[in-house]
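A short reminder: the numbers here are calculations on the coordinates, not readings from a lab. Since the structure is predicted, the reported quantities are computational estimates derived from the model, not experimental observations. Cβ placement follows ideal geometry from the backbone for every residue including glycine, while neighbour counts extend to all protein chains displayed.
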Amino acid sequence: MTWTLPGAWVFVTVSAGLGAITSGTTVAPELAFYVGLVMWLAGFAIEVIADRQKTTFRADPANADAFITTGLWAWSRHPNYFGEILLWAGIAVIAIPALQGNQIYLLLSLIWVVVLLTAISGVRMLEGRGNKRWGNDPEYQAYMKRTPMLMLWPPGRDR
């Protein structure tokens, strides 16, 4: 089970891309490719920047008992997961023109990524830990209220 579950997770996640790669259809780059590529690049950049910001924040001893609310974290409570979802959405968009017949169902892999990162692990687990650690802190409660879970909005914007 140690390797089976992660292997199944990866297989389901990448299935739209694998379906496109193994499809009998050859598709020249078109609008879907370029839109998907921009989505993938943006998602990758957001994930890398968010992870770097959090690593830098955690490396400062003054932040030992604090939660991050700066950088991309001012715009989203989980910008790294938003980036991950955007990255896989980009792959799905790139795959669409090459998928044939029932292969279109492979796009459900994107739903798998969203559910996994928001409801099974990722966001759910981190917010549970955050609520346990800072749930009584008025600043944390205000941050949770004003900052969307995934979507990147300008800080302080009404939602």
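Label points 7 Å out from Cα along the Cβ direction at Asn102 and Arg129: separation in nm?
Here the modelled spin labels are 4.1 nm apart.
Working out 0.36 nm times the residue gap between Leu41 and Thr55, then minus their Cα-Cα distance, what length gain in nm do you get to one decimal?
Length gained, Leu41 through Thr55: 2.9 nm.
Relative to the first principal axis of the alpha-carbon coordinates of the chain, what is the inclination of helix 123-134, with its axis defined by its Cα atoms, in degrees from 0 to 90 and to the nearest 10?
In the chain, helix 123-134 runs at an angle near 0 degrees to the longest axis.
Which angle between 0 and 90 degrees, to the nearest 10, do you get for helix 4-22 versus the longest principal axis of the chain when only C-alpha atoms count?
Once rounded, the angle reads 50 degrees.
Considering the Cα positions of the range 22-159, please state its Rg to one decimal place and its Dmax as a whole number of Å.
17.8, 57
Ser121's amide H: which non-local residues (gap 5+, or another chain) put their own amide H closer than 5 Å, with H modeled 1.01 Å from N in plane and none for Pro or chain starts?
When sequence neighbours closer than 5 places are left aside, there are no close amide H contacts.
So what are the ³J(HN,Hα) numbers for the range 45-62, from phi and the Karplus equation (6.51, -1.76, 1.60; θ = phi - 60°), rounded to whole Hz, Gly and Pro as x?
4, 4, 5, 5, 5, 4, 5, 5, 4, 5, 4, 5, 4, 5, 6, 7, x, 5
Using 7 Å Cα-to-Cβ label points, what is the Asn63/Thr25 separation (nm, one decimal)?
4.4
I need the chymotrypsin sites (Phe, Trp or Tyr not before Pro) found in the range 1-32, filtered to DSSP loop residues with at most 16 other beta carbons within 10 Å of theirs.
Filter output for the range 1-32: Trp3.
Springs between alpha-carbon pairs under 10 angstrom, Gaussian network model over the chain: which of Ala92, Ala66, Ala50 fluctuates most?
Ala66
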